[in-house]
Amino acid sequence: MKIINYSLLASLLLLFSFSRNANAQKLNTGDIRLMIDTATDLKQSFTGFVLYDPKKDEMLFENYPDKYFTPASNTKLYTFYSATKILGDSIPTLGYKIQGDSLIFWATGYPLLLHPEFNDSTALNFLASRKEKLFYYDRPSTDKRFGPGWSWDDYTSYYSSEKSKFPIYGNHINFRIKGSLDSLLVFPEEFKENIVVKEGEAPSEFWPLYREESENTYYYYPEADTFKSGRDVKMPFMYSEDLFIGLLENALHKKIKKFESNEILHGDLLQTAETDTLYRKMLRESDNFLAEQIMMMCSSELSDTLGIDLGIDWVIENFMEDFPDEPIWVDGSGLSRYNMFTPRTTVRLLTELLKTPGKEKLFDFLPAGGYTGTIENWYKGKDGPYVYAKTGTLSNNHCLSGYVLTKKKKTLIFSFMLNHYIVYTSRTKKVMQQVLEYIYEHY
């Protein structure tokens, strides 16, 4: 009995197909189908892929376009779309009202107050310059510190920094580890007194720093600290209203009291134009904290109550009525596994984004293949970037959605969504890269 090597046969067919089309330099969707269907690393996973030509208004290729997939950080494209519709070219930093010799201020979800990676000092300078007594009003909110469907035990990881109404210092601490407590640098410095030195072996997943979930005590294990030349670590702190007020008082060198009232306050709005750097960092670096706070700021423009769910519901109702499939959408970052989008709806959203900020600005915000952001090591073109796209990764799930610029200067829109694979993510990326390179060469 003759044994047929189907893997070898598929490879030969694929090679023959490429050779047949190499001279024609014309897109053959059968080649794309073959690449996806014969990819060993995708055999036990679910693959959604849509390729669209916006100029011709033509779907060039579809593989499960209407099936729902876990998008991970592709969700940030939806957050950015919300921001373009609601926030525009400015973001709200705080609300305030003057009553006699007092200034009462409240939160908008603004995430840049004393954030170590931004230079925006709008809110800080405003509060520092006021002669009135300062009172902080605790604005109503429907949000909790984590989003629905988040992994609770990631609380020590920067990518899972807590959401809050009025973040400060990005709701995290910057540690510079150098091999001993004496050389350990901490920012903001107020947290240095919260460090406790421990002997022995550190918990492996957090070494050489560890924090209990319900407290802001940081345990340092010198024996586990092998980074003698230095290493930077970002770790979230547990947020509270009292902690916020205390840190802000120290920064302002002013006393801040709580404004005790059950009434809803209305007043003036302080804004900043620091939108481009905010959106660029959120999209290029896939910053979860900033994405959550952007959606919270959107809700601030819509309601007296802060709530990411409020912003999401409003955007779906007002700006996605004619999208192919309604997104199942619960957070701003994509950390939740409750989120589910279809590839064709994401392509529709990307089509709309081309109209709103404009192609040049949009491409500047997005990671550029081989050059910037989360795809700087992938999709590198010989003559510059040819892929501008947002990644999305959770364990066993990886997505890439955005734009591919072809050799003939065509702009195509795509959404590649891979769910439930059991191989290394790098292996699935190789398949995606192969497909996108083929599209670049042949369209």
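Step by step: first the residues of region 342-379, then only those that are polar (S, T, N, Q), touching a residue at least 60 places away in the same chain (Cβ under 8 Å) and assigned to a loop (DSSP other than H, G, I, E, B), then the one that is nearest to Leu418 (Cα to Cα). Which residue is that?
Ranking the qualifying residues of region 342-379, first place goes to Thr342.
State yes or no: is Val186 of a type in the set (Val, Ile, Thr), open to solvent by less than 70 Å² (accessible area, probe 1.4 Å), farther than 20 Å from Ser121 by Cα and free of Cβ contacts under 8 Å to residues at least 24 places away in the same chain?
yes
State which residue is modelled with the lowest pLDDT when the search covers only region 217-228 and only residues that are in a loop (DSSP other than H, G, I, E, B) and surrounded by fewer than 17 Cβ atoms within 10 Å (Cβ to Cβ).
Among those residues, the one meeting the criterion is Lys228.
Examine region 398-417 for a residue that is part of a strand (DSSP E or B), over 21 Å from Leu278 (Cβ atoms) and open to solvent by 60 Å² or more (accessible area, probe 1.4 Å), and state whether such a residue exists.
Checked region 398-417: no residue is part of a strand (DSSP E or B), over 21 Å from Leu278 (Cβ atoms) and open to solvent by 60 Å² or more (accessible area, probe 1.4 Å).
(1) touching an Asp or Glu at 6+ places or on another chain (Cβ under 9 Å); (2) surrounded by fewer than 16 Cβ atoms within 10 Å (Cβ to Cβ); (3) not aromatic (Phe, Trp, Tyr): which one isn't true of Thr156, the others all being true?
For Thr156, the failing item is (2).
Among (1) modelled with pLDDT under 85; (2) in a helix (DSSP H, G or I); (3) open to solvent by less than 30 Å² (accessible area, probe 1.4 Å), where does Gly179 come up short?
(2)
Out of curiosity, is Lys192 at pLDDT 90 or above, assigned to a loop (DSSP other than H, G, I, E, B) and of a type outside the set (Phe, Trp, Tyr)?
Criteria not met by Lys192.
Residue check, Ser303 against (1) more than 30 Å from Gly402 (Cα to Cα); (2) small (Gly, Ala, Ser); (3) in contact (Cβ under 8 Å) with a residue 12 or more places away in the chain, all met but one. Which one?
For Ser303, the failing item is (3).
Give me the residue from region 198-213 that is over 16 Å from Ser180 (Cβ atoms) and modelled with pLDDT of 80 or more and, out of that set, least open to solvent (accessible area, probe 1.4 Å).
Arg211
Is it fair to say Thr93 is open to solvent by 50 Å² or more (accessible area, probe 1.4 Å), within 16 Å of Met295 (Cα to Cα) and touching a Leu at 6+ places or on another chain (Cβ under 9 Å)?
For Thr93, the condition - open to solvent by 50 Å² or more (accessible area, probe 1.4 Å), within 16 Å of Met295 (Cα to Cα) and touching a Leu at 6+ places or on another chain (Cβ under 9 Å) - is not met.
The values are calculated or read from the model by the stated rules, or taken from the named source; none is laboratory data. Since the structure is predicted, the reported quantities are computational estimates derived from the model, not experimental observations. Neighbour counts are summed over all protein chains in view; Cβ atoms, including those assigned to glycine, are modelled from backbone coordinates with ideal geometry. The area values use the complete protein model at the heavy-atom level, side chains included, leaving out ligands, DNA and RNA. Shrake-Rupley method; radii C 1.70, N 1.55, O 1.52, S 1.80 Å.
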